[in-house]
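Have a look at the structure below before the remarks.
The values are calculated or read from the model by the stated rules, or taken from the named source; none is laboratory data. If you're wondering where the values come from, they're calculated on a predicted model, not measured in any experiment. Note: ideal-geometry Cβ built from the backbone for every residue, glycine included; neighbour counts use all protein chains shown. Note: areas computed on protein heavy atoms with side chains; ligands, DNA, RNA excluded. Shrake-Rupley method; radii C 1.70, N 1.55, O 1.52, S 1.80 Å.
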Amino acid sequence: MQGYQQMIQPLYTKSIHCVTSQRAHPSDTKISVNMLGMITVRLAKVSDAKSLFDWRNDPNIRAASEQTKPLIWEDHIRWLTHTLQSDTQHVFIGEQNGVPIGVVRFSVEHDQALVSLALAPAAQGKGFGKSLLALGIAQIGSMPIRARIRSDNVASRNCFAACGFVETSRDKGFCCYNYIRLTFEEIVPKDDHINALYEALKLRKHAISHINLPSFEDHKEFIKKHPYRSWNFVFAATECIGNFYLNSDNSIGVNLLPGYDHMLPVLLKQILHDYDPLPEIKSKRSAGFVLHVPIGDHERRAQMNANGHMPLQITYTLEKGQV
Ligand SMILES: CC(C)(COP(=O)(O)OP(=O)(O)OC[C@H]1O[C@@H](n2cnc3c(N)ncnc32)[C@H](O)[C@@H]1OP(=O)(O)O)[C@@H](O)C(=O)NCCC(=O)NCCS
């Protein structure tokens, strides 16, 4: 890995820049669309045949595919029946409020998965592509993943880049991408880490431990104390997308930079893969990890609920004067 000075500082600044410009951009409407109904994934079923057929035959989707000819129903049913029984094909349907909105498919060969992504025509252009792709990546685990995307398909290339794919080569009008697993870098009390974390704090919309931004000096002291079991920056390819900490009570805090909320399922999957919870201590430490979510972070709460995680408790402040 490159030296931190070269690596984080310019890239962190780049993340912040792209996020800031996104905020003043119409993409804010995408965030509110997502808040109304989170995307979830489930395995495809035979009863999805008609939706998959209609999506695959949509002229835009055909134009983006390797095989551009229209599908014939009988061939499609044969293909789907075989695919659903195959150990090497993993087809996930994305849903919003229970309504199918697209498909993410992994085709495994030589321990490598080739991914393809398509949204229903009505679901395109709303920012769902990266959420669906991230959920698919979280499902497939740690297997290497690659993608082939037509070089003129800017929306698709943006989705893949936003999920940590990097272009490796070009081949006959297609860009070849590889997925780079998230990497973690331990936070230590040195200037570039302190500054980068302070910038991240400024961008945070929700917090649990402090309502107002702490002073830079307080922030520096806090990092020097390093109160966590583990505290890391998170990188998707070379881009810093946020940070997370593990507490010694098995609680986890995740701060993703604005514009990277879709990566939460991938990050949680990787944390659970890379770390084990500390042993349970009755009434002090739970047996498994728990995630702290600020009460006002409705989007993350909806994201966790939609993905089947169970909310445990609400914590209230208690001030002496109030009781
Ligand atoms: C490609 C596809 C998956 C993209 O998903 P999506 O959610 O509709 O993507 P969006 O329209 O929100 O675009 C993604 C990003 O690219 C940007 N973008 C889209 N078209 C763009 C263009 N022509 N120029 C510049 N940026 C563009 C969007 O602004 C968005 O940026 P943001 O995330 O910073 O806001 C989806 O549109 C689709 O299924 N298309 C048909 C099938 C297909 O092409 N599949 C991919 C085959 S590999």
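Laid out as a table, the results:
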quantity: Identity of the residue in region 66-122, assigned to a loop (DSSP other than H, G, I, E, B) and within 16 Å of the ligand (Cβ to nearest atom), that ends up farthest from Asp171 (Cα to Cα); calculated: Ala120
quantity: Residue count for region 269-298, restricted to those that are of a type outside the set (S, T, N, Q), open to solvent by less than 30 Å² (accessible area, probe 1.4 Å) and not in a loop (DSSP other than H, G, I, E, B); calculated: 1
quantity: Output for region 36-48, where each listed residue is over 16 Å from Lys126 (Cβ atoms) and either surrounded by 18 or more Cβ atoms within 10 Å (Cβ to Cβ) or in contact with a Ser or Thr (Cβ under 9 Å, 6 or more places away or on another chain) (or both); calculated: Val41, Ala44, Val46, Asp48
quantity: Restricting region 127-148 to residues that are under 16 Å from the mean Cα position of the chain (by Cα) and either within 11 Å of the ligand (Cβ to nearest atom) or of a type in the set (D, E, K, R) (or both), the residue that is most open to solvent (accessible area, probe 1.4 Å); calculated: Lys130
quantity: Cross-chain or 6+ apart pairs with Cβ under 8 Å, region 250-276 first and touching a residue at least 24 places away in the same chain (Cβ under 8 Å), then of a type in the set (Asp, Glu) and open to solvent by 10 Å² or more (accessible area, probe 1.4 Å); calculated: Asp261/Glu299
quantity: Residue that is farthest from Val99 (Cα to Cα) [pool: residues in region 63-80 that are at pLDDT below 95 and open to solvent by less than 70 Å² (accessible area, probe 1.4 Å)]; calculated: Thr68
quantity: Criterion violated by Cys163 - all others in (1) modelled with pLDDT of 95 or more; (2) over 18 Å from the mean Cα position of the chain (by Cα); (3) of a type outside the set (D, E, K, R) satisfied; calculated: (2)
quantity: The lone exception for Tyr245 - which of (1) part of a strand (DSSP E or B); (2) open to solvent by less than 10 Å² (accessible area, probe 1.4 Å); (3) not small (Gly, Ala, Ser) it fails; calculated: (2)
quantity: Those residues of region 191-211 which are under 27 Å from Leu278 (Cβ atoms) and either open to solvent by 50 Å² or more (accessible area, probe 1.4 Å) or among the hydroxyl-bearing types (Ser, Thr, Tyr) (or both), in sequence order; calculated: Arg204, His206, Ile208, Ser209, His210
quantity: Odd one out for Pro214, checked against (1) open to solvent by 40 Å² or more (accessible area, probe 1.4 Å); (2) not in a helix (DSSP H, G or I); calculated: (1)
quantity: Breaking point among (1) away from the ligand (no atom under 16 Å from the Cβ); (2) modelled with pLDDT of 95 or more; (3) under 14 Å from Val41 (Cβ atoms), for Phe184; calculated: (3)
quantity: Strands (runs of 3 or more DSSP E) completely within region 142-181 that count 3 or more residues being in contact with a Ser or Thr (Cβ under 6 Å, 6 or more places away or on another chain) and either closer than 20 Å to Leu257 by Cβ or not charged (D, E, K, R) (or both); calculated: 174-179
quantity: Checklist (1) at pLDDT 95 or above; (2) more than 21 Å from Ala306 (Cβ to Cβ) applied to Pro59, failing item; calculated: (1)
quantity: Lone unmet requirement of (1) more than 17 Å from the chain's Cα centre (by Cα); (2) aliphatic (A, V, I, L, M); (3) open to solvent by less than 30 Å² (accessible area, probe 1.4 Å); (4) more than 22 Å from Ala237 (Cβ to Cβ) for Ile93; calculated: (1)
